[in-house]
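**Student:** Once you've had a glance at the structure underneath, I'll fire off some questions.
The values are calculated or read from the model by the stated rules, or taken from the named source; none is laboratory data. Remember, it's a predicted structure, so these values are computed and weren't measured experimentally. Quick reminder, even Gly has a Cβ in these numbers, built from the backbone with ideal geometry, and neighbours come from all protein chains shown. Each accessible area value is taken on the protein alone, full model and side chains, heavy atoms only, with ligands, DNA and RNA left out. Shrake-Rupley method; radii C 1.70, N 1.55, O 1.52, S 1.80 Å.
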Amino acid sequence: MADPKNMEVMMDGMKKQMMGIVPQTLIMGWIQFFFSGFILIKLPFPLGLRFKQMLQSGIMTPNMDVKWVSSLSWYFINLFGLRGVFSLILGGENSADGIRDMTAMGSMGAMGQQSGQPQDYNKLFMAMKDNLSIVYHEWDLANIEQRVFVKYGKQSRVFTSAA
């Protein structure tokens with residue numbers, strides 16, 4: 001974990017993941033805002049009743065057929081189901097494939113643990129203790145009531161801070 005090269009590789013992986021997470025979160029928020037509670041599509045094949053809760057999230061109709069899918073559920077089906085389509089269109093080594101990045105990060109963690117040296121937690125704690133600095137904070141909202149009264153002419157003097 002202390003090797004800067006491994007840290008750089010981990011940060012590159014995190015950057016790639018964030019480049020995928022941020023747009024997907026925005027798209028999901030957009031779909032949820034505009035299409036919340038709407039039925040979007042009807043699947044062309046029958047499904048069992050156990051799929052009803054998963055496919056019709058946000059819609060509380062007990063008598064609706066399971067084939068009907070809500071907009072938010074359709075988004076998640078596409079998000080997780082389009083991995084094969086992305087690999088066909090973009091190629092096998094594309095940045096839209098998050099599974100590859102997650103497996104690489106998992107193997108990196110395993111490499112760090114296989115170094116053969118046990119972690120000296122006392123040494124880590126002492127290093128953190130040395131890097132720790134005490135910051136004194138002055139609360140901005142101290143005596144806010146008096147400052148508001150003075151600002152709007154309800155009181156003529158300001159009291160000093162007790163902190």
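**Student:** Considering (1) in contact with an Asp or Glu (Cβ under 8 Å, 6 or more places away or on another chain); (2) part of a loop (DSSP other than H, G, I, E, B), say which one Gly13 fails and leave the rest.
**Tutor:** Among (1) in contact with an Asp or Glu (Cβ under 8 Å, 6 or more places away or on another chain); (2) part of a loop (DSSP other than H, G, I, E, B), the lone unmet condition for Gly13 is (2).
**Student:** Go through the stretch 15-52 and give me each residue that's charged (D, E, K, R) and within 18 Å of Lys67 (Cβ to Cβ).
**Tutor:** Lys42, Arg50, Lys52, listed by residue number.
**Student:** With the condition being within 20 Å of Phe35 (Cβ to Cβ) and at pLDDT 60 or above, I'd like the helices (runs of 4 or more DSSP H) fully within the stretch 50-110 carrying at least 2 qualifying residues. Before the answer, list the steps.
**Tutor:** Working: elements: 52-55, 71-81, 83-90.
The helices (runs of 4 or more DSSP H) meeting that bar are 52-55, 71-81.
**Student:** Okay, moving on. Give the residues of the stretch 111-163 that are at pLDDT 60 or above, of a type outside the set (Ser, Thr, Tyr), closer than 30 Å to Lys5 by Cβ and in a loop (DSSP other than H, G, I, E, B), sorted by residue number.
**Tutor:** Passing the criteria: Gly116, Gln117, Pro118, Gln119, Asp120, Leu132.
**Student:** From the residues in the stretch 29-49 that are assigned to a loop (DSSP other than H, G, I, E, B) and on the phi < 0 side of the Ramachandran plot, which one is least open to solvent (accessible area, probe 1.4 Å)?
**Tutor:** The residue in question is Leu43.
**Student:** Just to be sure I understand the filter: pairs with C-beta atoms under 8 Å, separated by 6 or more residues or on different chains, first member in the stretch 1-18 and under 24 Å from Gln117 (Cβ atoms) and open to solvent by 80 Å² or more (accessible area, probe 1.4 Å), second member of a type in the set (Gly, Ala, Ser) and modelled with pLDDT under 75. Which pairs pass?
**Tutor:** Met1/Gly112
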